[in-house]
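What follows draws every value from the coordinates through simple rules; no lab data is involved. As the structure is a computational prediction, the values presented were derived from the model and not from experiment. Every residue, glycine among them, receives a Cβ derived from its backbone with ideal geometry; neighbour counts consider all protein chains shown.
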Amino acid sequence: MVGGAPAAPAAPPPAGAGLVPECLQDLYGELDDALTAWGEVEVAPLQYCIVYRRLVNVASVVFHPKHEAILVYFRLDPDTVQLEEGFTRDMRGIGHLGTGDLEVRLVSAADLEKAAPLIRQAFEAA
C-alpha cells in the first residue's frame, strides 16, 4: 500500500460463475441472490447448468448467451401456474438440461421480478 487506502476486497462471485457468459453475469448475479435468499441452499455447478437444492433440486439454471437469456427450470407443476408465452413453458415430456417441469425464461431484471412468486413457490414445495 503506497500512498492510498487498501483496496476493499471484491465480493466473491456466485458459485458456478465460471459457467456464466459475460453478457448474462449481471442478471445471473441477481438471480443467484434471489435463489439463495430462501435459507440454506446448496449450489452445485455442473457441466451444463447450475443446480440449486435443499433436500431435492429446487431449480436448475441454464445459460443461452446467443439469445441473451437464462432458462430456469423449477420443480413445479405447470398446471398450477398461469403459463405466459415467451416467459413460462410446460416442459413435461420435453428433454432438456436440468430438472424441473416448469421453464422460466429470464432476459431482464423485470422478468426476474415477475418470476419472484415462482421462486418462492418452488422453495416452499422443496
Problem set entry | Two-decimal ratio, the chain, of alpha-carbon radius of gyration to 2.2 N^0.38 Å | 1.15
Exercise. Summing -39500 (n - 2.57) over the DSSP H runs of n ≥ 4 in the chain and dividing by its residue number, what mean residue ellipticity at 222 nm do you reach, to the nearest 500 deg cm²/dmol?
Worked result: -7500 deg cm²/dmol
Problem set entry | the chain: angle of helix 109-125 to the longest principal axis, Cα-based, in degrees nearest 10 | 70
Problem set entry | ARG120 versus ASP77: modelled label distance in nm, points set 7 Å from Cα along the beta carbon direction | 2.1
For this session: Only Cα pairs under 8 Å and at least 6 apart count here; give the relative contact order of segment 31-126 as a rounded whole percent.
Result: 26
Seminar exercise, completed: Simple spin-label estimate for GLU68/GLU22, 7 Å along Cα→Cβ, in nm, reads 1.5
For this session: Set Lys and Arg Cβ to +1 and Asp and Glu Cβ to -1, take the dipole of the chain about its Cα centre, and tell me which of ILE50, ALA34, GLN82 lies farthest positive.
Result: ILE50
Problem set entry | C-alpha center-to-center spacing [segment 94-112, segment 44-85] in angstrom | 5
Exercise. Roughly what angle does helix 25-36 make with the longest principal axis of the chain, taking Cα atoms, 0 to 90 degrees, to the nearest 10?
Worked result: 70
For this session: Putting +1 on Lys and Arg Cβ atoms and -1 on Asp and Glu Cβ atoms, find which of MET91, LEU19, ALA59 reaches farthest to the positive end of the dipole of the chain.
Result: LEU19
Seminar exercise, completed: With +1 at each Lys and Arg Cβ and -1 at each Asp and Glu Cβ, the charge dipole magnitude of the chain around its Cα centre, to the nearest 20 debye, comes out at 260
